[in-house]
Amino acid sequence: MTQPTTAFYPIFASKSDGHDIVNQKGSVVRNGPTQEQLDRSPNAQGQCDYYRLIEKDDPKHVDWRKKLGGMLLREIGGKQHEDKWQQCILWEFPENYKLYEHIKTKADGQAKTVKNHSGGGHDRQDAYLYGYPKGPRKRFRSPVEFFPHLLWLCTDEASDYQNCTCKMCSPVQLDMEKPVAKAEVKPEIKRENSDVLVTGRSPVVQIPARRLPVPPIPSPIVKPATPAATPAATPAAAPAATPAAPQIRAPTPLQSTPLPDPRCIDQQVDSHYHKFICRQGEVVWYYRPKTGAWGLGLVLRRWVDKTAVGSKAYYIQPLSHPHDSLAPELVSTENEMKPWLAWSAPTYTYAYLQQHPNIPFEKVDWQGLMAGRYGQGVAGVDASIMAAKAVDTTYTLFDYLKKTANEGVQDAHYNGLFLGAEKIWRGDVVRLRVGRDTDVMVVTDIIERTSQQATGQPAVAVLIVGDIYSYATLPIANPAQLPEPPKNPNIPVRMREDMAWRNRLLVPHARTFAYWKLAVPASRFDIAEVKGRWYETALVFEEPFTKSVTNNEGGNGVWMNSRGDATGVGRMTGVPQSQRLNAFGRAIPETAQLIDGIEAPEQPQAHTQDVAMSMSGHGADVFTDLMDFDHIGDTGAGPGYDFNF
């Protein structure tokens, strides 16, 4: 028989001061557990010590919100709603507040016994609420600890932190005023301007006196749990004699940064939606019909094919070793191209190179490999992989704009940057290592900063400046009545159009409306914090996104690698190169040139490919198998390959 359920009345926080990411000492950091703390890998003793995000339907998450909702309604709703004190739930935490659980396991894999709220018997547990604007070290350990801050959010018209009595906002005052805990007697709830004492099953808390008086306020808006059931008493209704309540002032809206104007045709084209996926100077995967396999190459030129509507074409220079002279190849469809970070490179074919992964491209004995002195393998394949990895560790600034100086620090401003395998313009969108995996930055400035160290030597840092946006969602009750996201003319058209495409799937299938929310304007940090370019889901990840939405998985997956993943270096600034082609060294011919613009060459023609690649002990069919990605489609890896999406 179906278990009977209890109807709860949702109560909503009227505003929030929560932040997903915060700026601490000039660096943007995640306002929550660090990446290391989220890592579930066991240590050398087999013990795990990590944090996990508690989802909204998790019993602990529900338990926190039930207690907070009950305390909030008792404190500011009054006696008139006593019948709902035990059936009230905070619908969701204030925006950008997230609940995490700290988990420790023994070497045998058994979790340590900890106190928890889902049992209903403890006020403290191993769950922590992050989001407080002063950073991840300021976290709330229990519903009781967070409640004074929640009450302040819902009642203080001035949004003055000095009026808040929570442990984070008033640590000294709380030490002086906190009540003495008694083992067998529950503390009372002390309501301001009232001598009524109320007890109940939920945890109770004594609210310390505020420093400044707060005018009388109406009860919070309480809605029935389901549209069909309407309670007899309407908590939002106030007696006619009650004075008009002051409105809670909304936080000052964040101001986005205007987008820079394009300075050339390529920058303008790259700012448009559904144009070219790849750009001159980038490393890409591309399909080679002559070999029947995918290879790695450098984009030399691109153009619009006027013989077919919407068709694009590219000249790709294959990457190889210095003793292989391959001509550029024509790719006439973007279906046969992928960004470098879309796939993870397979391992080297030579066991010698697998055993010496850090040997530089220039130090490899390519002739010895081809002669078979190092075992069997395919020199051309390994050379292309090694060259692409080497490029991934470099950066090149281009299109100098101006120089500014301030107190011994010189800033050189640029319009663009080759970062690893990719080309980034001002006005582009990039993925970040800070914040959530889905946070992006709209780049508005690229700066090379030079300062003097104490030793007298110059120190150089490359910074990107821009606005950080978070992927936000709203539940949709009626697909015919969609919410209006905040107006923001400074969101690039690529982001807006791609989000509109996503919502055409999200709204009918997931009853969810997604939008880009400005999180941190005018942020600045090192290029080491950039994962790579942001790509439109509709153009690169249509299949995995559609599957995720139709499978009720949310559609907000992470299907792209980051710069530094291929080499295992991870976060890095990289090696500067004065010219882009210098990053490729001898992996490309000396005659290779990058051609700007989108004008077609006079007589584009495909160059034949030299498939007689130098091998030792293998036929050409082995080369085809080594780089054949067709069996993995666009969304996953086949056996034997480590393709991380």
field: Residues of region 490-504 that turn out to be buried (at least 20 other Cβ atoms within 10 Å of the Cβ) and either of a type in the set (A, V, I, L, M, F, W, C) or more than 25 Å from LYS547 (Cβ to Cβ) (or both), as a count
entry: 3
- request: Using the structure shown, decide if ALA612 is in a loop (DSSP other than H, G, I, E, B), modelled with pLDDT under 50 and more than 18 Å from ALA387 (Cα to Cα).
  value: yes
- line: Filtering region 391-421 down to residues that are acidic (Asp, Glu) and on the phi > 0 side of the Ramachandran plot yields ASP399, GLU407
message: On the basis of being touching a Cys at 6+ places or on another chain (Cβ under 8 Å) and either exposed (fewer than 15 other Cβ atoms within 10 Å of the Cβ) or within 29 Å of ASP156 (Cα to Cα) (or both), does SER41 make the cut?
response: yes
task: With a cut-off of at least 3 residues that are surrounded by fewer than 21 Cβ atoms within 10 Å (Cβ to Cβ) and in contact with a Lys or Arg (Cβ under 6 Å, 6 or more places away or on another chain), name the strands (runs of 3 or more DSSP E) lying wholly within region 405-461.
output: 409-419
- line: Among (1) crowded, with 16+ Cβ neighbours inside 10 Å; (2) within 23 Å of ALA583 (Cα to Cα), TYR352 falls short only on (2)
- request: Could you please give the count of residues in region 327-375 that are part of a loop (DSSP other than H, G, I, E, B), touching a helix residue (DSSP H, G or I) at 6+ places or on another chain (Cβ under 8 Å) and farther than 19 Å from THR393 by Cα?
  value: 3
- line: Flagged in region 44-72 as surrounded by fewer than 16 Cβ atoms within 10 Å (Cβ to Cβ) and assigned to a loop (DSSP other than H, G, I, E, B), in numbering order, are ALA44, GLN45, GLY46, GLN47, GLU55, LYS56, ASP57
statement: Contact list, first residue from region 140-156 and surrounded by fewer than 23 Cβ atoms within 10 Å (Cβ to Cβ), second anywhere and among the polar types (S, T, N, Q), beta-carbon distance below 8 Å, six or more apart or interchain, is ARG141/GLN125; SER142/GLN125; TRP152/ASN163; TRP152/THR165; LEU153/SER14; LEU153/SER16; CYS154/SER14; ASP156/ASN163
- line: Conditions (1) over 21 Å from THR257 (Cα atoms); (2) among the charged types (D, E, K, R); (3) surrounded by fewer than 13 Cβ atoms within 10 Å (Cβ to Cβ) -> LYS487 fails only (1)
query: What number of residues within region 73-128 satisfy the criterion of being assigned to a strand (DSSP E or B) and either more than 24 Å from ARG139 (Cα to Cα) or modelled with pLDDT of 70 or more (or both)?
result: 13
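If I filter region 402-409 for residues that are touching a residue at least 40 places away in the same chain (Cβ under 8 Å) and more than 30 Å from LEU53 (Cα to Cα), do I get at least one hit? Spell out how you get there, then give the answer.
The first filter runs over region 402-409 and keeps only residues touching a residue at least 40 places away in the same chain (Cβ under 8 Å), leaving 408-409.
Those still in the list that are more than 30 Å from LEU53 (Cα to Cα) too: 408-409.
Scanning region 402-409, I find at least one residue that is touching a residue at least 40 places away in the same chain (Cβ under 8 Å) and more than 30 Å from LEU53 (Cα to Cα), so the answer is yes.
The values are calculated or read from the model by the stated rules, or taken from the named source; none is laboratory data. Keep in mind that this is a model prediction, so the values were computed, not measured. Using ideal geometry, Cβ is built from the backbone for each residue, glycine included, and neighbour counts are taken over all protein chains shown.
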